[in-house]
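Written below as structure tokens is the structure these notes are about.
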Amino acid sequence: MKRTVPLLIVLVGGILMMVQYFIPHQVSQSIFNYYTDWAPIVSSFALILGIGSLTRVHAHKIRRKADNWQYSWAVLIPLYLMPVLGLIWPKSMGGGMDAPSIFHFMYMYIQIPIQATMFSLLAFYIASAAFRAFRAKSALATVLLLAAVVVMLGQVPIGELLGSWFPKLGLWILRYPNLAAKRAIMLGVGFGMLATNLKIIFGVERNWLGGVGK
Amino acid sequence: MRNCWIGVPVLGIVFLLTSLSWAQQSDAVDRDMSVPPDEVTEKPVADDVALQPVAERIPVEPSRGLAPPGAIMVKNKENDAGDQLVVSFELPADTTGIFAYRIYRRVSGEKDWDLVKVVAAGEPTEFIDGYDPEFPVMPGTLYEYRIASVDPEGNEYFGEIQVAQETPHGEWYHTGKTKVLIACAIFMGLIFFYFNRAQRGVKMYLRPIAGIEAIDEAIGRATEMGKPVLYVPGLSDIADVATIASLTILGRVAKKVAEYQTPLMVPNRDPIVYTVAEESVKQAYLEAGRPDAYDPDSVFFLTTSQFAFVAGVNGIMMREKPATNFYLGMFWAESLLLAETGSLSGAIQIAGTDAVTQLPFFITTCDYTLIGEELYAASAYLGQEPKQIGALKGQDACKAIIITFITAALAFGVLDLLFKSDLVEWLSNFLASPIVE
């Protein structure tokens, strides 16, 4: 029963969504919207479980004095402090979400810069990854290096100064060999999705119910 | 006590909502109290003066001046939900001095008009009515239209009120998707055909995929080193097929990990994915015969914020030094941040994603990468169940059909260039025509 009911729901829902794609009628659209409206509702309730998980994991770390347990305070304090500051703290004492408030200050001048810092690390990581990828250790790696040099020079003004064929060749590499490879991957992905969906809808793939079977 | 931790955020949320409601009530009382009684002003209300919509000022009789447009043709739009109409109108015989045309619409029998479209002079006189969500077209409703020629000063010169020839209605089949339906039927038929073949015990060859074969080796390495295995099931939600594929692999990885008694860490970005992953891992430990070895803290939710999640996972990598990292699922800009940090920490890394733009990052930084469809195939490879393998062969058959179509289109395209035959041109165009009209 624990497995049959979810499998039945998936079977009916899956077939309904497949058929719905071919029916533009308003009844079909209403059913589709009704189904999709459930997603944010379920997600909101699942978030409570998520916060519970985060609290449990870090509370255990603090209680056990596990390695680096001090960092757990850095998770738990802002996790509960920010909603308090935004929703409960009196406006006369800097509460609320709108500027000027402590919440707004912490969001704008702590959270956003930290996130931007993480994102900006990408530039350095791309440089180090490119260094590893473009080492001409074999014939294929040399082809990759040459293609990369042409594409990169084709994108910047100095490429055109070196030769007017640089941007054209760069664009050709992007438009033809690169796009052909991308489309081949996307085609495989499309069939993979189709097969995975069919396996789930018809109960061949049941791992999402928990467990891997025999 | 461990299971009671869920109560903390629930209580927190209840407390927050109560406080918020109380704060809002207090604010309302404060606002009421802050206005002295003598400053309370009443809005002037005149019983006989009601606001009239601008459109109501449309004269009933056609004005003289610029020539108004002619006949209005209204047709039901095909293949829609019955919420759109195709409207076209005849231009006046003399268009001199016309700056634009304003199209008004009302429900037949009602009084008020809505301005639904402005067409500049010289632009196409056919448009689809119903795009503007402010003035939706309702299925089964009879509408009336009226069009005005507008001069540069904004003066309107109206034509006759005309009743729509058709009412909007939705269709029960999208005729533009017939090719998709045929293709789906063929592909589903092939997959089911191979399901059956596999079930009948027909042996099928599977090409070895290095990344999948390395999974056991990677878990074994972590066991030997006595270090944990880190599994990131992507950053997308449960509606993403890549996430579902990742969760099916997680179940198999968790079973192996349970058999080897190696610690497992599964950080999650999406709360629903977290609940499914937790259930999957718990069940895998149960099936491995080691339910006692399951650690409830091994599968955990981190944050929904993309870069905060990266910071959290990178921190785990640098502190806990897992011996094996799995990144399987959907990834965006964080792919390189995760994989490069994992590389720096010295872990063996296996990645897999269907995000084409992230594949190069994983290929350069990880030891093994499952490219695109290999991610979906991994579960079948690991499980070796006949039906799963049958589905893989069905996919291959589908790809063979597509390759045949592409090759034939290419060949006919070249032949068309060389011989200029009508038949070859038709075949070439047919093969290259889009599947969705």
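The values are calculated or read from the model by the stated rules, or taken from the named source; none is laboratory data. It should be emphasised that the depicted structure is a prediction, and the values quoted were computed from it without experimental measurement. Here Cβ is always computed from backbone atoms with ideal geometry, including for glycine, and neighbour counts include all displayed protein chains.
Yes or no: the range A:76-94 includes at least one residue that is within 17 Å of residue B:315 (Cα to Cα) and either surrounded by 11 or more Cβ atoms within 10 Å (Cβ to Cβ) or not hydrophobic (A, V, I, L, M, F, W, C) (or both). Lay out the reasoning, then the answer.
Initial filter on the range A:76-94 (within 17 Å of residue B:315 (Cα to Cα)): A:76.
Checking the rest, the ones that are also either surrounded by 11 or more Cβ atoms within 10 Å (Cβ to Cβ) or not hydrophobic (A, V, I, L, M, F, W, C) (or both) come to A:76.
The answer is yes; a qualifying residue exists.
Which residues, counting only those in the range B:91-150, are within 24 Å of residue B:171 (Cα to Cα), touching a residue at least 60 places away in the same chain (Cβ under 8 Å) and out of contact with any Ser or Thr (no Cβ under 8 Å at 6 or more places or on another chain)?
Of everything in the range B:91-150, just one residue is within 24 Å of residue B:171 (Cα to Cα), touching a residue at least 60 places away in the same chain (Cβ under 8 Å) and out of contact with any Ser or Thr (no Cβ under 8 Å at 6 or more places or on another chain), namely B:145.
Inspect the range A:40-61 for any residue being more than 7 Å from chain B (Cβ to nearest Cβ) and farther than 25 Å from residue B:273 by Cα and give the result as yes or no. Walk me through it before giving the result.
Of all residues in the range A:40-61, those more than 7 Å from chain B (Cβ to nearest Cβ) come to A:40-41, A:44-45, A:58, A:61.
Subsequent filtering for residues that are farther than 25 Å from residue B:273 by Cα retains none.
Looking through the range A:40-61, none of the residues is more than 7 Å from chain B (Cβ to nearest Cβ) and farther than 25 Å from residue B:273 by Cα.
Between a first residue in the range A:17-30 that is more than 7 Å from every other protein chain (Cβ to nearest Cβ) and a second residue that is outside any loop (DSSP other than H, G, I, E, B) and of a type in the set (Val, Ile, Thr), which pairs have beta carbons less than 7 Å apart while being 6 or more apart in sequence or on different chains?
Every condition considered, the pairs that remain are A:20/A:31.
Quick check on residue B:249: is it β-branched (Val, Ile, Thr) and free of Cβ contacts under 8 Å to residues at least 40 places away in the same chain? Let's see the steps before the verdict.
On the way: β-branched (Val, Ile, Thr): yes; free of Cβ contacts under 8 Å to residues at least 40 places away in the same chain: no.
Answer is no for this residue.
I'm checking my understanding of the structure. Among residues of the range B:232-263 that are more than 8 Å from every other protein chain (Cβ to nearest Cβ) and under 18 Å from the mean Cα position of the chain (by Cα), which one is surrounded by the fewest Cβ atoms within 10 Å (Cβ to Cβ)?
The qualifying residue surrounded by the fewest Cβ atoms within 10 Å (Cβ to Cβ) is B:240.
Out of the residues in the range B:307-323 that are more than 8 Å from chain A (Cβ to nearest Cβ) and closer than 21 Å to residue B:237 by Cα, state the one that is farthest from the chain's Cα centre (by Cα).
Start the filter on the range B:307-323 by keeping residues that are more than 8 Å from chain A (Cβ to nearest Cβ), which leaves B:309, B:312-314, B:316-318, B:320-323.
Next, from what is left, pick out any that are closer than 21 Å to residue B:237 by Cα: B:309, B:312-314.
Numbers: B:309: 22, B:312: 27, B:313: 26, B:314: 28 Å.
Ranking the candidates gives B:314 first.
Given the options B:391, B:351, B:380, name the one that is touching a Cys at 6+ places or on another chain (Cβ under 6 Å) and buried (at least 24 other Cβ atoms within 10 Å of the Cβ). Before the answer, list the steps.
On the way: B:391 fails: touching a Cys at 6+ places or on another chain (Cβ under 6 Å); B:380 fails: touching a Cys at 6+ places or on another chain (Cβ under 6 Å).
Going through B:391, B:351, B:380 in turn, the sole match is B:351.
Have a look at B:205, B:157 and point out the one that is among the aromatic types (Phe, Trp, Tyr) and in the same structural domain as residue B:116 (by TED's automatic domain parsing).
Details: B:205 fails: in the same structural domain as residue B:116 (by TED's automatic domain parsing).
Only one candidate passes the filter, namely B:157.
Hey, residue A:13 hits all of (1) of a type in the set (Gly, Ala, Ser); (2) surrounded by fewer than 18 Cβ atoms within 10 Å (Cβ to Cβ); (3) facing another protein chain (nearest Cβ under 9 Å); (4) under 30 Å from residue B:77 (Cα atoms) but one; which does it fall short on?
All conditions pass for residue A:13, except number (3).
Can residue B:401 be described as touching a residue at least 40 places away in the same chain (Cβ under 8 Å), aliphatic (A, V, I, L, M) and outside the structural domain of residue B:308 (by TED's automatic domain parsing)? Write out each step before concluding.
On the way: touching a residue at least 40 places away in the same chain (Cβ under 8 Å): yes; aliphatic (A, V, I, L, M): yes; outside the structural domain of residue B:308 (by TED's automatic domain parsing): yes.
Here the answer is yes, as residue B:401 does meet what is asked.
Go through (1) part of a loop (DSSP other than H, G, I, E, B); (2) among the hydrophobic types (A, V, I, L, M, F, W, C); (3) at pLDDT 95 or above one by one and return the number of the condition residue B:222 breaks.
Every condition holds for residue B:222 apart from (1).
For the range B:290-301, which residues satisfy the criterion of being facing another protein chain (nearest Cβ under 7 Å) and either within 12 Å of residue B:268 (Cβ to Cβ) or crowded, with 21+ Cβ neighbours inside 10 Å (or both)?
Keep residues of the range B:290-301 that are facing another protein chain (nearest Cβ under 7 Å), which gives B:297, B:300-301.
B:300, B:301 - these are the residues of the range B:290-301 that are facing another protein chain (nearest Cβ under 7 Å) and either within 12 Å of residue B:268 (Cβ to Cβ) or crowded, with 21+ Cβ neighbours inside 10 Å (or both).
Out of all the residues in the range B:323-351, which are more than 17 Å from residue B:221 (Cβ to Cβ) and part of a strand (DSSP E or B)?
Within the range B:323-351, B:328 is the sole residue that qualifies.
Out of all the residues in the range B:264-279, is one or more surrounded by fewer than 20 Cβ atoms within 10 Å (Cβ to Cβ) and either at positive phi or within 14 Å of chain A (Cβ to nearest Cβ) (or both)? Walk me through it before giving the result.
Of the range B:264-279, the ones surrounded by fewer than 20 Cβ atoms within 10 Å (Cβ to Cβ) are B:279.
Pick out the ones that are also either at positive phi or within 14 Å of chain A (Cβ to nearest Cβ) (or both) and you get B:279.
Scanning the range B:264-279 turns up at least one residue that is surrounded by fewer than 20 Cβ atoms within 10 Å (Cβ to Cβ) and either at positive phi or within 14 Å of chain A (Cβ to nearest Cβ) (or both).
Only one of (1) within 10 Å of another protein chain (Cβ to nearest Cβ); (2) among the small types (Gly, Ala, Ser); (3) over 30 Å from residue A:178 (Cα atoms) is not met by residue B:335, so which one is it?
In the conditions (1) within 10 Å of another protein chain (Cβ to nearest Cβ); (2) among the small types (Gly, Ala, Ser); (3) over 30 Å from residue A:178 (Cα atoms), residue B:335 misses (3) alone.
Hey, can you tell me all the residues within the range B:362-373 that are within 8 Å of chain A (Cβ to nearest Cβ) and modelled with pLDDT of 95 or more?
Passing the criteria: only B:371.
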